[in-house]
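Novice: What follows is a single structure, and I will ask about it in a moment.
We did not get these values from a lab; they are worked out from the coordinates using the rules stated. In this text the structure is predicted, and so the values were computed from the model without any measurement. Note that each Cβ is placed from the backbone with ideal geometry, even for glycine, and that neighbours are counted across all protein chains shown.
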Amino acid sequence: MWQELHRELKARNFSVLAVAFDSREGAARPWVEKAEPEYTVLVDRFHHVAELYNMVNVNQAVWIDEKGVIVRPTESAGAYEGFRQANRKTAQMPEDVAKKTGDAKTTYHDALRDWVAKGSASEYAFDGEAARAHLSLPTPNVAEAHASFFLGQYLIGIGQAGEGGSLVEAASRLHPESWAIWRQGAGLDQRGLAAKADFWERVDALGDKKYYAAVDMKGMPQ
Amino acid sequence: MVTVLIDNKILEVEQGSGAGDQLWISTSEAERIAGISRRPDGFSKDGAILPAPSTNSEDFLRGDEIDLAAVWRKMNKPALSDASGEVWVLGASAGERAAVLQSLQAPDFTLPDLDGRPHSLSDFRGKKVFLVSWASW
């Protein structure tokens with residue numbers, strides 16, 4: 001998914017670093033081998049990076065400069081809600097929705113290019129005050145959820161699926177905004193995606209709320 | 001023996017036992033795995049003094065062992081175990097995670113690639129990094 005951007009920009013002191021929130025042993029491998037990414041892909045069994053950066057979904061991203069400073073905190077990486085308006089059997093989107101989905105991706109990728117070219121002078125790189133204003137910070141329940149998730153996934157990994165599964169469910173109740181925790185614990189369809197009927201019920205229950213939190217970026221379709 | 005999950009690591013602790021909501025660990029092991037040191041007036045971690053979990057020292061001290069779960073909870077950090085008391089997670093508080101984010105210094109982490117080789121975010125220092133989450137599901 002990020003291959004083209006990585007190829008285009010890697011000679012300019014830039015790297016994509018992908019982290020797979022995948023607790024199931026070996027789950028990431030076939031997808032990664034098929035994509036043959038030239039960037040580093042890490043496997044995060046316990047969603048540690050989600051805890052550190054308060055991420056709740058994929059694809060979410062953080063922009064980090066050469067000195068290790070966050071210049072855009074956790075946000076949806078150019079995703080648009082289009083899938084919610086797609087035909088659920090064929091995944092076909094109405095034309096205008098497909099266009100917005102494409103525009104969201106293009107806008108986000110162009111913003112990344114601008115940052116790589118201009119650094120802190122890019123209008124897309126926040127200064128300290130703006131970066132802090134865009135942070136989403138964890139609550140005590142979120143901290144408890146990550147502890148419960150860590151313990152639950154460890155127990156599942158050593159064969160204690162019953163107790164482990166209960167702890168993962170408890171984590172999801174403590175942190176209902178996290179699609180990553182919920183989908184990791186959910187059943188998979190025949191494509192290997194956590195997109196069975198219970199997923200769509202949960203999406204529909206969002207109502208007017210977003211699945212991918214809105215990105216504060218000029219030109220981003222809302 | 002107990003297994004302690006802390007800071008994304010899985011640690012085996014020989015001299016440790018869980019009982020209910022208590023995690024009894026030798027003071028040397030508490031220092032090794034969690035950086036908790038005993039002081040005459042309580043405990044310290046990373047140079048900061050921690051108040052004792054209770055005015056009654058018998059509640060959290062037993063010979064050379066301390067109830068690490070009680071010390072942990074006193075810091076408002078999550079401490080929970082499985083039903084057997086043999087596996088514990090000692091988590092981070094919302095406040096400490098938030099403080100790191102508010103510093104805007106990207107928190108470092110080390111994770112394996114598909115071949116099990118570890119990589120750290122800090123290995124990329126000197127480059128712009130687009131850190132992006134992904135999942136098979």
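Novice: Going by a ≥ b ≥ c, the root eigenvalues of the Cα gyration tensor, does the protein assembly as shown fall in the rounded group (a/c under 1.5), the prolate group (a/b larger than b/c) or the oblate group? If you can, show how the numbers build up before the last one.
Specialist: On the way: a/c = 2.08, a/b = 1.59, b/c = 1.31.
Prolate shape, in that a/c is at least 1.5 and a/b is the bigger ratio.
Novice: Do any of A:LYS218/B:LYS77; B:LYS9/B:LYS77; A:LYS209/B:LYS128; A:LYS105/B:LYS128; A:LYS210/B:LYS77 go past 28 Å between their Cα atoms, and which? Write down the numbers at each step before the final one.
Specialist: Working: A:LYS218/B:LYS77 39 Å; B:LYS9/B:LYS77 16 Å; A:LYS209/B:LYS128 32 Å; A:LYS105/B:LYS128 20 Å; A:LYS210/B:LYS77 31 Å.
In this structure, A:LYS218/B:LYS77; A:LYS209/B:LYS128; A:LYS210/B:LYS77 lie more than 28 Å apart at Cα.
Novice: For a test of the definition: using alpha carbon positions, the gyration tensor, and the 1.5 limit on a/c, classify region A:140-204 as rounded, prolate or oblate. Intermediate results must be reported in sequence, preceding the final value.
Specialist: Numbers: a/c = 2.61, a/b = 1.25, b/c = 2.09.
Verdict is oblate for region A:140-204.
Novice: Right, another one. With all pairs of different alpha carbon atoms counted, what Kirkwood hydrodynamic radius in Å does chain B show?
Specialist: 16.9 Å
Novice: Could you please rank A:GLU66, A:GLU95, placing first whichever residue has the fewest other Cβ atoms within 10 Å of its Cβ? Don't jump to the answer; show the numbers that get you there.
Specialist: Numbers: A:GLU66 15, A:GLU95 8.
Ranked by crowding around the Cβ, least crowded first: A:GLU95, A:GLU66.
Novice: Can you give me the C-alpha center-to-center distance between region A:52-123 and region B:1-74, rounded to a whole angstrom?
Specialist: Cα centres, region A:52-123 to region B:1-74: 43 Å.
Novice: Need the C-alpha centroid separation for region B:80-137 versus region A:1-25, integer Å.
Specialist: With region B:80-137 and region A:1-25 each reduced to a Cα centre, they are spaced 17 Å.
Novice: Give me B:PHE43, A:PHE126 sorted ascending by neighbouring Cβ count inside 10 Å, so fewest comes first.
Specialist: Working: B:PHE43 24, A:PHE126 20.
Fewest to most other Cβ atoms nearby, the residues stand as A:PHE126, B:PHE43.
Novice: A further question follows. Going Cα to Cα from B:LYS127, which lysines come in below 19 Å? Please leave out same-chain ones fewer than 8 positions away.
Specialist: A:LYS10, A:LYS67, A:LYS118
Novice: So what is the relative contact order of chain B, in percent, for Cα pairs below 8 Å that sit 6 or more residues apart?
Specialist: Details: 185 pairs, mean separation 26.7, N = 137.
Relative contact order here is 19 percent.
Novice: Among the lysines, select those whose C-alpha is under 16 Å from the C-alpha of A:LYS196, and discard any that sit fewer than 8 residues away in the same chain.
Specialist: A:LYS89
Novice: Just to be sure I understand the curve: with the Debye formula and one point per C-alpha of region B:3-43, what is log10 I(q)/I(0) at q = 0.17, 0.23, 0.24 Å⁻¹?
Specialist: Evaluating at q = 0.17, 0.23, 0.24 Å⁻¹ gives log10 I(q)/I(0) of -0.48, -0.83, -0.89.
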